[in-house]
Every structure is written in C-alpha cells, then in structure tokens.
1. Are any of the residues in the stretch 120-137 polar (S, T, N, Q) and surrounded by fewer than 18 Cβ atoms within 10 Å (Cβ to Cβ)?
2. Only one of these is in contact (Cβ under 8 Å) with a residue 12 or more places away in the chain, in contact with a helix residue (DSSP H, G or I) (Cβ under 9 Å, 6 or more places away or on another chain) and either surrounded by 14 or more Cβ atoms within 10 Å (Cβ to Cβ) or under 22 Å from residue 163 (Cα atoms) (or both): 61, 71. Name it.
3. Are there any pairs with C-beta distances below 6 angstrom linking a residue in the stretch 37-50 that is modelled with pLDDT under 95 to a residue that is acidic (Asp, Glu), with the two at least 6 apart or on different chains, and if so which?
4. Name the residue, out of 207, 232, 222, that is assigned to a helix (DSSP H, G or I) and either within 29 Å of residue 99 (Cβ to Cβ) or in contact with a Lys or Arg (Cβ under 6 Å, 6 or more places away or on another chain) (or both).
5. Any residue that is on the phi > 0 side of the Ramachandran plot and touching a helix residue (DSSP H, G or I) at 6+ places or on another chain (Cβ under 7 Å) - is there at least one of those in the stretch 74-86?
6. Restricted to the stretch 1-13, and to residues that are crowded, with 16+ Cβ neighbours inside 10 Å and assigned to a loop (DSSP other than H, G, I, E, B), which residue is farthest from the chain's Cα centre (by Cα)?
7. Could you list, in sequence order, all residues of the stretch 20-52 that are assigned to a loop (DSSP other than H, G, I, E, B), polar (S, T, N, Q) and either over 28 Å from the mean Cα position of the chain (by Cα) or exposed (fewer than 11 other Cβ atoms within 10 Å of the Cβ) (or both)?
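The values are calculated or read from the model by the stated rules, or taken from the named source; none is laboratory data. Bear in mind the structure is a predicted one, so any value in this text is a computation, not a measurement. For neighbour counting, all protein chains shown are included, and Cβ atoms are generated from backbone atoms with ideal geometry for every residue, glycine included.
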Amino acid sequence: MHIDFAPPSNGTYNNAGSSRQLANYLEHEDLERMEKGLYTEGFFNLIEDNIYKSKVIKDIDSNIGQLLKTDAKFYAIHVSPSESELRAMGNTEQEKAEAMKRYIREVFIPEYAKNFNKELSEADIKFYGKIHFDRNRSDNELNMHCHLIVSRKDQTGKKKLSPLTNHKNTKNGIIKGGFDRVNLFLQAEKRFDKLFDYPRQLSESFEYANTIKNGSITKQLELQELEIQSHERKIRINQDNNNENLFTFNLENKQANNIVFSTNPPITAQKGSKTSINSLKKQGASQVLDLLVSFIPPKIESAPVFALPEEFVLKSRKKKRKRRKL
C-alpha cells in the first residue's frame, strides 16, 4: 500500500486558494471513460456517494475560518494499493471501487483522525474522495487508486489539522498533538490486511521498505535475514505440497490400476427359474473367460528361420559318410 501527501505547488496541488483546480483535475478521467462506455465513480465522503463536484468545492472552500491567505486550506492525499492488494479487493472494477471506499471510510480516515492525538474520530474529518482506475505512464494491469481532498479544518471549523507537521504527540508549547505519519502508514497497512484477509509478505510491508531506506545497518541486516528465512520456509512448504500431491497422484493411479472394469451387463436371475440359473452359469463362465483372456500375454512371434547355403549342406553330408566308412 502506497500512501503519500502531495506537496503544495503552484499548479494542480496549489492548496493556498480554492480547491476548484484540483476537483476539476480529478474529474478528467470520467469523461474519457464515459466516452468508452466504462464504469465511473463520483465523489464520495464518509456517508455519501456520487456527490456533485460543485458541492465538494463549496464545502472545502468555505471551511477556512481563521486561516491566513497563504495558509494551506486543504491537503491532497493519494492511496494506491499494489496489484496484488487490488486482486484481494474484488474481481470487477466495481467490486474493487466499493472495497476501496469501504477501506477509506472504515480504516484510513479513522486512523488519520486518531493520529492527530486530539481525541478526534472519523466524523470530525471533512474530506472528499475520488477513485481513478487508470494511471498514466504505468504498465501495470491494475492501477486503481484514490485521491482525497481533506480540509485543513475539522467539521466544526475550530481545529487546525495538518498531516505535514513534524510534531508528534506534543503536549507542551503552542502546538498540541502533532501527526505521526509512520504510525499512520503502519496501522493503515495492518488494518488493510485484516479487512481483506491479505497475506502480506515481509518484503512488501511498509516496515521493511522504511527500514531498508532509513533504518540502521543492524536493523537492515536483521530484516534481510528474516526475509531470507521467510523465503526458504515458503520454498519448503511448496516442496512438501508438491511431494504430497505426487504421492496422492501415484496412490490414486495404483488403486485405479487394481480395478477390473466389466463391460458385460449385471447378472440377474429370478428365484426358482432353472432357465435363468443356466443362463447365469453361462454368463458367469463367459465373464471368467473374458477375464482370463485379458491376462494372457500377447503372442510372441517365433524368430525367423534362416536357410543354410546349399554348399554347406552338401559338405556336411559328405563328412558324415566318411565317418561311417571308418
């Protein structure tokens, strides 16, 4: 699972002014898909689906009380599952989209609220989401991801919330609370696995990637050793499964080879009927004969007889006559 916060810019992600530019950008894919007759998803929030873009812009732009002109008014967040994670979320695009909305509502936004350490819940976060199904310059088969526009202020408009702050759970000073992005990534990944029963490998976990990038040499070596052990364990399990399947296959073949299949109809006889009993005996004898014949080895043709040359035969006869005279 890849989660990132788009850095503010002077273009699409300029968050010091209106959210209109970003909202317009998020709808560009809908037009392309509708022309092709493909499935699309509208904006959504915690409880509603298919929300009009005009409502999104108005709601975000009006929730800016006590913010300076240069302050951030909203934040853009990308939530992008991997291909293997997307396969665990459903079979069709619609199933995956519904699963994505469920994940955002039940996992990501609650964890986002909790990480401010201000006793907030998902109901306190003002946000709108938009699902995209394609990604430019990507060769992946599956590219579905979700864009979130999250207001800088909470639903009441009283609390400032910044996920880009470097403070973490501070209790003293002007800033109270903070935001722990590492913990957000860890919990969002952990709860994804639980929600979709996803068997995550160590090498695809956030903890592994973060340690390899930012951890000490000792921690990196420890994780790499765990990854090697996990890989070896997986190989052993596959080998054991293959051996078990091979044993079962051979056992079934052996049992099948010991079965004698009869093409004759079943033998039946009415009680007290001599004619039926005689025919039963004949039929039974016929079955036994067929069975014996099936076990007779194929006839081996005799070796070819080679004729001896005539000269050799005449010489052999002369030698025999000479021996008799002696």
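1. yes
2. From the options 61, 71, the qualifying one is 61.
3. Listed pairs, sorted by first residue: 39/93; 40/30.
4. Numbers: 232 fails: either within 29 Å of residue 99 (Cβ to Cβ) or in contact with a Lys or Arg (Cβ under 6 Å, 6 or more places away or on another chain) (or both); 222 fails: either within 29 Å of residue 99 (Cβ to Cβ) or in contact with a Lys or Arg (Cβ under 6 Å, 6 or more places away or on another chain) (or both).
Checking each option against the conditions leaves just 207.
5. For the stretch 74-86, residues on the phi > 0 side of the Ramachandran plot and touching a helix residue (DSSP H, G or I) at 6+ places or on another chain (Cβ under 7 Å): absent.
6. Here the residue is 13.
7. Within the stretch 20-52, just 50 meets the criteria.
Residues checked against (1) under 26 Å from residue 55 (Cα atoms); (2) touching a Ser or Thr at 6+ places or on another chain (Cβ under 8 Å); (3) part of a loop (DSSP other than H, G, I, E, B); (4) not assigned by TED's automatic domain parsing to the domain that holds residue 189:
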residue: 75; (1), (2), (3), (4): yes, yes, no, no
residue: 79; (1), (2), (3), (4): yes, no, no, no
residue: 85; (1), (2), (3), (4): no, no, no, no
residue: 110; (1), (2), (3), (4): yes, yes, no, no
residue: 118; (1), (2), (3), (4): no, no, yes, no
residue: 138; (1), (2), (3), (4): no, no, yes, no
residue: 155; (1), (2), (3), (4): yes, no, yes, no
